[in-house]
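Trainee: Sending over a structure as structure tokens; questions will come in a sec.
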Amino acid sequence: MLAGGYVQADETPIEYLAPGNGQTKQGYLWTCSRPGGDVFYRWETSRAAECLGHLLGRQFQGVVQCDGYRAYRAFAERSNGIKLSGCWAHARRKFHEAREQTPGRAGWILRQIQHLYRIEARLRENQAGPALRQSVRSHQSRPIVERLRQTLLLFKSSRRHLPQSLLGQAIDYALGQWTTLEVYLEDGRVEIDNNLVENAIRPTALGKKNWLFIGEAGAGQRSAILYSIIESCRRRKIDPYAYLRELLSRLPHMTNQQIPEVTPAAWAKAQRNIRRTSRS
């Protein structure tokens with residue numbers, strides 16, 4: 001996954017038991033995914049920037065798409081060869097929250113962002129590759145993005161709203177992230193937002209409602225491994241139960257060198273070949 005040079009990253013808090021304290025503490029499940037590929041998780045008891053070094057490794061170089069959490073920027077500043085890409089969904093969300101207070105200005109901004117998403121929808125319908133996506137974005141999306149930037153700067157300088165207002169906060173967030181928000185215009189591999197990796201986190205949110213916390217800090221990484229397997233199966237439309245049943249029956253007779261043969265990606269490819277053979 002990391003060899004592709006483009007990943008999406010996010011993190012979510014999860015409580016874990018702290019023996020001796022009579023209470024739970026807060027840990028984090030860090031998530032890394034590649035659009036169209038697999039997803040993996042890593043457990044950390046911290047939300048600090050160095051956790052990204054554990055997630056991505058010290059050798060990773062490329063684009064990391066993320067939200068505006070400052071740890072990502074801190075990690076990128078101390079790492080060579082890492083470029084951050086922003087998330088338009090996060091920027092849009094803040095203007096949506098401001099719409100009730102300032103329907104005119106926030107509504108206009110939301111319409112411009114909607115135009116950007118319509119362009120992306122057409123590209124997906126046409127199954128456009130990176131080169132075509134970059135070309136279309138350069139001609140169609142970039143003028144909209146530039147118009148948005150100029151308007152936000154105008155709104156900010158007019159002082160017709162308080163910086164502490166919802167619209168003021170939305171404008172400050174967007175302008176503060178602007179360099180990263182423009183990255184997707186320059187790289188056809190990059191998505192317009194971080195929604196795919198956020199979708200990968202949703203099963204953990206459902207889990208937290210059922211099991212409430214992880215047994216202890218050391219159990220967190222075991223949960224991360226299981227989530228990695230299950231979610232990667234789901235992304236490849238594999239029945240996790242069928243996959244795990246076959247995997248666990250084969251593992252006792254395999255060597256470490258054979259593990260790449262039974263990853264979800266390899267297993268899905270093998271199943272497609274079996275179906276193709278049975279039809280011919």
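Trainee: Please state the charge dipole magnitude for the chain, taken about the Cα centre, from unit charges on C-beta atoms (+1 on K and R, -1 on D and E), reported in debye and rounded to the nearest 20. Before the final figure, lay out each step's value.
Mentor: Details: 42 positive and 25 negative charges, 162 e Å.
It comes to approximately 780 debye.
Trainee: Note down the Stokes-Einstein diffusion coefficient of the chain in µm²/s, whole number, using a Kirkwood radius over alpha carbon pairs, 37 °C, and 0.692 mPa s. Could the numbers behind the result be given before it?
Mentor: On the way: Rh = 21.1 Å.
Value of D from the Cα-based Kirkwood radius: 155 µm²/s.
Trainee: Still on this model: Using alpha carbons only, what's the Rg to Rh ratio of the stretch 236-279 with Rh from Kirkwood? Kindly include the intermediate steps, with their values, before the conclusion.
Mentor: Working: Rg = 11.0 Å, Rh = 11.1 Å.
Rg divided by Rh gives 0.99.
Trainee: As a test of the formula, what do you get for the chain when each DSSP H run with n ≥ 4 contributes -39,500 (n - 2.57) and the sum is divided by the residue count, at 222 nm and rounded to the nearest 500 deg cm²/dmol? Spell out each step's value before the answer.
Mentor: Working: 13 runs with 151 residues, N = 280.
It lands at -16500 deg cm²/dmol.
Trainee: So which lysines pass the test for residue 269, namely a Cα distance under 22 Å, with those fewer than 8 places away in the same chain ruled out?
Mentor: Of all the lysines, those that pass the test against residue 269 - Cα under 22 Å, at least 8 places apart if same chain - are 237.
Trainee: Say R0 is 41 Å: what FRET efficiency, to the nearest 0.05, do residue 250 and residue 73 get from their beta-carbon distance? Can you show the working numbers first?
Mentor: Numbers: r = 43 Å, r/R0 = 1.06.
After rounding, the FRET efficiency stands at 0.40.
Trainee: Leaving out same-chain residues fewer than 8 places away, which aspartates and glutamates sit with a Cα under 19 Å from that of residue 83?
Mentor: Counting by Cα, and skipping residues close in sequence, residue 83 has these aspartates and glutamates nearby: 10, 11, 50, 67, 182, 186, 187, 191, 193.
Trainee: What is the extension gain from residue 206 to residue 259, computed as 0.36 nm multiplied by their sequence separation minus the C-alpha to C-alpha distance, in nm to one decimal?
Mentor: Extending this stretch completely gives an extra 16.1 nm.
Trainee: Quick check: pseudo-label points 7 Å beyond the Cα along Cα→Cβ at residue 157 and residue 217, how many nm apart are they?
Mentor: Each label point is offset 7 Å from its Cα along the Cβ direction, giving 5.1 nm.
Here, each number is a calculation from the coordinates, and none is a lab measurement. Values in this document were obtained by computation on a predicted structure and should not be read as measured data. Heads up, the Cβs are rebuilt from the backbone with ideal geometry, glycines too, and the neighbour counts pull from every protein chain shown.
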